Amino acid sequence: MVSRPHRVAPPDRYLELRYEDLVSRPRPTLTQILDHLGLPWDEAVLRHAEYQHALFDHPYGHPAAESAGKPLHSGRLGRHAEDLTRAQIAEFERIAGSELARLGYLSAPTLTVEA
């Protein structure tokens, strides 16, 4: 699901972002999103938690519905290192290593990845 879209989607239909950039550099990252969508900048996007969201009216079990209305924060960055064991991280990196490397997420950059 992650490895294919950046290769096949037309550039004007696909924008890949890092969550880390969104929470650590929200203004430039949100500017990039709005530019990609052809929308003008609005300061309200930095204060999204102050507004009612349509997602809350019909969340349909969306896993991010609750957090969508909260302010951006970096509290979840690196959380995988707390939630997963070293063995689980190594197994995930073995399976998804090429995509993790492409996206800059490998915890051990010298990890050998199987094809």
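Results, tabulated for the structure shown:
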quantity	calculated
Filtered residue count, segment 65-75, keeping only those that are surrounded by fewer than 12 Cβ atoms within 10 Å (Cβ to Cβ) and touching a residue at least 40 places away in the same chain (Cβ under 8 Å)	2
First in segment 28-51 and at negative phi and of a type in the set (Ser, Thr, Tyr), second anywhere and open to solvent by 90 Å² or more (accessible area, probe 1.4 Å) and not in a loop (DSSP other than H, G, I, E, B), Cβ under 6 Å, 6 or more apart	none
Failed criterion for Trp41 (all others in (1) at pLDDT below 85; (2) farther than 23 Å from Glu99 by Cα; (3) of a type in the set (A, V, I, L, M, F, W, C); (4) open to solvent by 80 Å² or more (accessible area, probe 1.4 Å) hold)	(1)
So Gln88, is it farther than 28 Å from Asp12 by Cβ, modelled with pLDDT of 90 or more and open to solvent by 50 Å² or more (accessible area, probe 1.4 Å)	yes
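The values are calculated or read from the model by the stated rules, or taken from the named source; none is laboratory data. Since this is a predicted model, take the numbers as computed values, not measurements. Here the Cβ is made from the backbone with ideal geometry for all residues, glycine too, and neighbour counts use every protein chain on show. Note: accessible area is taken over every heavy atom of the protein model, side chains too, but ligands, DNA and RNA are not part of it. Shrake-Rupley method; radii C 1.70, N 1.55, O 1.52, S 1.80 Å.
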